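The values are calculated or read from the model by the stated rules, or taken from the named source; none is laboratory data. All of these numbers come straight from a predicted model, not from anything done at the bench. Methodologically, a virtual Cβ is constructed for each residue, glycine included, from the backbone with ideal geometry; neighbour enumeration extends over all protein chains shown. All accessible areas refer to the heavy atoms of the entire protein, side chains included, with ligands and DNA or RNA removed. Shrake-Rupley method; radii C 1.70, N 1.55, O 1.52, S 1.80 Å.
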Amino acid sequence: MRIVIYSMLVLLIVIQYPLWLGKGGWLKVYEMERQVELQEAKNSLLALRNAKLAGDVKDLKEGTRAIEERARVEHGMIKEGEFFVQILPADKSSESQARKQ
């Protein structure tokens, strides 16, 4: 009778191995689902970036305001008749010397 019980136990273990640890087992499925969730999160971030870039392209194609804004910010360009004023942050070393005196 013990041989039958042990053989059934071994058979149960042999049957369970592919279910848990095999090529399409539960552990592999769980890991793949986790990877899919991570990839979907990355894809949603990339979709937001793409939407922003599409908006930028649309603005650049349709109007001059976006082009003017880029020229001002990236290249420091100004219109004719405008004045450019740049305020530099105070130098910390000169402040400390002024306080000591």
Inset, instruction - Starting from the Cα of F84, step 7 Å along the direction of its Cβ; do the same at Q39; then give the gap between the two resulting points in nm. - result: 4.8
Inset, instruction - Find the lysine pairs in the chain meeting two conditions, Cα atoms under 29 Å apart and a separation of 8 or more places or different chains, and report how many there are. - result: 10
Legend entry - Diffusion coefficient, µm² s⁻¹, Stokes-Einstein with Kirkwood Rh over alpha-carbon pairs of region 40-85 at 37 °C and 0.692 mPa s: 260
Legend entry - Modelled label reach - E69, point 7 Å along Cα→Cβ, region 21-57 residues with backbone N closer than 12 Å: 55-57
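What number, rounded to the nearest 500 deg cm²/dmol, is the helix-based mean residue ellipticity at 222 nm of the chain, given -39500 (n - 2.57) per DSSP H run of at least four residues and division by all its residues?
Per the formula, -26000 deg cm²/dmol.
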Legend entry - Under 14 Å, Cβ to Cβ, from E31 - net charge with Lys/Arg +1 and Asp/Glu -1: +1
Legend entry - Rounded to whole Hz, the Karplus (6.51, -1.76, 1.60) HN-Hα couplings of region 75-82, x for glycine and proline: 10, x, 7, 10, 6, 5, x, 9
Inset, instruction - Using a 1.4 angstrom probe, figure out how much accessible area the chain has per residue, in square angstrom, rounded to the nearest whole. - result: 100
Inset, instruction - Determine the share of region 13-93's accessible area contributed by carbon and sulfur atoms, expressed in whole percent, with a 1.4 angstrom probe. - result: 62
Legend entry - Cα shape, the chain, gyration tensor, a/c 1.5 rule: oblate
